[in-house]
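S.K.: Below are the structure tokens for one structure; questions will follow.
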Amino acid sequence: MDRHRKTVHLTVNGVEYEREVEVRKTLADFLRYDLGLRGTHLGCEHGVCGACTVMFNDSSARSCILYAVQADGADILTVEGLTSPEGPLHPIQEAFRKHHGLQCGFCTPGFLMPALELLVEKHGPTEKEIRNAISGNLCRCTGYAGIVEAIREADAMWERP
Amino acid sequence: MKPAPFEYFAPESVEEALDLLEQHGDTAKILAGGQSLGPLLNMRLASPEVLIDINRLEDIAYIRHDDGYLKIGALARQRTIERSLLIPKSWPLLYEAAPYIGHPTLRNRGTICGSLAHADPAAELPAIATALDAELHILGPEGERSARPEEFFESYMTTSLKPEELLAEVRFPPPRPRTGVAWLEVARRHGDFALVGVAAVLTLREDGTCEAARLVYTGVAPVPYDAREAAELLAGEQPDGESFDAAAEKAAELSEPGSDVHASAAYRRHLIRVLSRRALGKALERARGEGDGSP
Ligand SMILES: Cc1cc2nc3c(=O)[nH]c(=O)nc-3n(C[C@@H](O)[C@H](O)[C@H](O)COP(=O)(O)OP(=O)(O)OC[C@H]3O[C@@H](n4cnc5c(N)ncnc54)[C@H](O)[C@@H]3O)c2cc1C
Ligand code: FES
Ligand code: FES
């Protein structure tokens, strides 16, 4: 095989995939263009804005500064995997909707991941802990208050697995 | 955005990684957390021909307590500092500074050794390693060598690592008795690189006077600024507002900070003065065992 290409096997939202990729392809581009999962957004493409955040083996990670080859064998969760297309929204999404945690929604898939990570790790986080968890994500619309409120409500409503 | 084409290797053992480094040396880059290298590649500020991804080397992802030392392997993530039970007790300076390194999501992947190898002049860990007299253990074609921080950090993003070498481990020496530490930092927003950050280490004698001190800064020089002359003013003195002011003044006077879009040299000097005084005060409280000792 071309030395700039490799085959990767990975699981995304519970589905297994095997694909050949150019090794310089970012995980974000792979998810969006090779798998058609456009819910993961790209803002800055150099690790600053957080729009591209996904779960990588249960930890939040920026997919624009990971390469698809690095995900060989990994388990990835994107916004599409939070709930089924027909199903009700995930409790965190529902809380974002209720508390105006989004306006344009561009940043939202990225915010959901550290929110999920925080709530899985911790019950009853303080406002400071919530703000810290999402501190690496930028939102140009909401002013963050609604997002913090949403995560607080999701903490109360979501019966965690 | 796309990096320039590169060839990719994901070695399964340290030996394999070292072989690859020896083979590709100059044209290769190690990929650890990728939180600094990724942006550089995407913006094509770096375009290595070969990437050697060490993320499969789980056996060097350790943080362990051994012989009194804290030993941290090349793949240990920054996030593990915050989750450790041992570090806040015995190496509180590391614990106190870790939350200032970017944001939680970045620390999930960013490594401790990667930050040292990257040697950003505004990064926290190089200053911490200097203040705590860490030892850097390096593997290469000629075997193992070790370096002290003042030898390791050579200049702006430049270390004494050769292209074929791997920073395999960083070791922090055992904590000293009657010693208090503090990390303080000012950045434009929490998680941004520091405008100025300071590590203060203060050791008292039994009689309560000052035995020794260290003041090491990030953000003010190409490498961590180790204000030895300033810290030495404290030896033998009563640790109080007066002696702290003198040390802070000296540290600011001897510093040579630059001006950039983020802050002027004068403002950075002002921060050195203010932060040093506060950090010494906090370190003193902890050295005396006041409060709960935790950061
Ligand atoms: C938005 C943003 C904000 C940030 N804020 C901060 C901050 O406030 N403070 C801070 O300190 N950092 C900050 N960083 C950088 C930090 O996140 C990185 O983790 C760290 O600088 C590099 O560690 P890494 O493991 O990601 O290394 P990589 O990015 O993988 O590598 C960095 C460099 O070091 C080399 N290298 C890595 N490991 C080794 C090794 N074991 N031996 C030899 N060479 C090696 C690589 O080849 C590369 O040249 C920020 C990054 C981003 C994207
Ligand atoms: S697109 Fe990845 S952090 Fe901005
Ligand atoms: S909702 Fe528009 S950027 Fe956050």
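The values are calculated or read from the model by the stated rules, or taken from the named source; none is laboratory data. Being a predicted model, the structure only gives us computed values, none of them experimental. Because the Cβ atoms are built from the backbone with ideal geometry, glycine has one as well, and the counts that use them run over all protein chains shown. Accessible surface is based on the protein model in full, side chains and every heavy atom, while ligands, DNA and RNA are left aside. Shrake-Rupley method; radii C 1.70, N 1.55, O 1.52, S 1.80 Å.
S.K.: Just how much of B:Phe9 is accessible, in Å², when a 1.4 Å probe is used and the result is rounded to the nearest 10?
M.R.: Near enough 60 Å² of accessible area.
S.K.: Moving on to the next point. Counting DSSP beta bridges in the protein assembly as shown, what percent are antiparallel, to the nearest 5? Let's see the in-between values first.
M.R.: Working: 54 of 63 bridges.
Approximately 85 percent, going by the DSSP bridge assignments.
S.K.: Let me ask something else. Shape verdict for segment A:1-87, please, from the Cα gyration tensor: rounded (a/c under 1.5), prolate (a/b greater than b/c) or oblate. Show your work: numbers first, answer last.
M.R.: Details: a/c = 1.81, a/b = 1.22, b/c = 1.48.
Note, shape of segment A:1-87 comes out oblate.
S.K.: As a test of the definition: with a 1.4 Å probe, what buried accessible area, both sides summed, do you compute for B against A, in Å² to the nearest 100?
M.R.: Working: alone 13840 and 8720 Å², together 19920 Å².
Buried: approximately 2600 Å² between A and B.
S.K.: Using alpha-carbon pairs under 8 Å, 6+ residues apart, how would you state the relative contact order of chain B in percent?
M.R.: Working: 653 pairs, mean separation 45.8, N = 295.
Relative contact order here is 16 percent.
S.K.: Are any of the pairs A:Lys6/B:Lys29; A:Lys98/A:Lys128; B:Lys71/B:Lys282; A:Lys98/B:Lys2 more than 29 Å apart by Cα-Cα distance, and if so, which? Please report the intermediate quantities before stating the final value.
M.R.: Numbers: A:Lys6/B:Lys29 19 Å; A:Lys98/A:Lys128 21 Å; B:Lys71/B:Lys282 26 Å; A:Lys98/B:Lys2 38 Å.
Over 29 Å apart, Cα to Cα: A:Lys98/B:Lys2.
S.K.: Considering only B:Pro99, B:Pro149, B:Pro39, give the residue with the highest GNM mean-square fluctuation for chain B, with springs between Cα atoms whenever their separation is below 10 Å.
M.R.: Among B:Pro99, B:Pro149, B:Pro39, the largest GNM mean-square fluctuation belongs to B:Pro39.
S.K.: Take the alpha carbon gyration tensor of segment A:38-128, find the square roots of its eigenvalues, order them as a ≥ b ≥ c, and report rounded if a/c is under 1.5; if not, report prolate when a/b exceeds b/c, else oblate. Write out the running numbers ahead of the final one.
M.R.: Details: a/c = 1.44, a/b = 1.39, b/c = 1.04.
Rounded.
S.K.: What distance in nm separates the simple spin-label points at B:Arg176 and B:Glu249, each placed 7 Å from Cα in the Cβ direction?
M.R.: Roughly 2.5 nm, to one decimal.
S.K.: If Rh is defined by the Kirkwood formula over all Cα pairs and Rg also comes from Cα, what ratio Rg/Rh do you get for chain B? Walk me through the numbers on the way to the answer.
M.R.: Numbers: Rg = 19.4 Å, Rh = 19.7 Å.
With Rg and the Kirkwood Rh in hand, the quotient comes to 0.98.
S.K.: Can you sort B:Arg178, B:Arg44 by 1.4 Å-probe accessible area, starting with the largest? Write down the numbers at each step before the final one.
M.R.: On the way: B:Arg178 95, B:Arg44 120 Å².
Result, largest first: B:Arg44, B:Arg178.
S.K.: On the accessible surface of the protein assembly as shown, probed at 1.4 Å, how many percent belong to carbon and sulfur atoms?
M.R.: Values: 9710 of 19920 Å².
The computed percentage sits at 49.
S.K.: Which whole-angstrom value gives the distance between the alpha carbon centres of segment B:69-103 and segment A:141-159?
M.R.: About 29 Å separates the Cα centre of segment B:69-103 from the one of segment A:141-159.
S.K.: Given a 1.4 Å probe, show me the residues in segment B:77-106 buried by at least 50 Å² of accessible surface when comparing the whole protein assembly to the chain alone.
M.R.: Correct list: B:His103, B:Pro104, B:Thr105.
S.K.: Here is a further query. Considering only C-alpha atoms, what is the centroid distance from segment B:117-144 to segment B:204-263, in Å?
M.R.: Cα centroid to Cα centroid, the span is 21 Å.
S.K.: Let me ask another. Ranked by accessible surface with a 1.4 Å probe, highest first, in what order do B:Ile101, A:Ile92 come? Walk me through the intermediate numbers first.
M.R.: Details: B:Ile101 25, A:Ile92 5 Å².
Sorted by accessible area, descending: B:Ile101, A:Ile92.
S.K.: Quick one: accessible area per residue over chain B, 1.4 Å probe, rounded to a whole number of Å²?
M.R.: Details: 12510 Å² over 295 residues.
Spelled out: the 1.4 Å probe surface of chain B, per residue, equals 42 Å².
S.K.: Over chain A, give the accessible area per residue in Å² for a 1.4 Å probe, as an integer.
M.R.: Working: 7420 Å² over 161 residues.
It amounts to 46 Å² per residue over chain A.
S.K.: With every protein chain kept in the model, how would you rank B:Arg214, B:Arg56 by accessible area, 1.4 Å probe, largest at the top? Please list the in-between numbers first.
M.R.: Values: B:Arg214 25, B:Arg56 80 Å².
So, going from the largest accessible area down, we get B:Arg56, B:Arg214.
S.K.: I'd like the accessible area for B:Glu232: 1.4 Å probe, protein heavy atoms, all chains in place, Å² to the nearest 10.
M.R.: The accessible area of B:Glu232 comes to roughly 120 Å².
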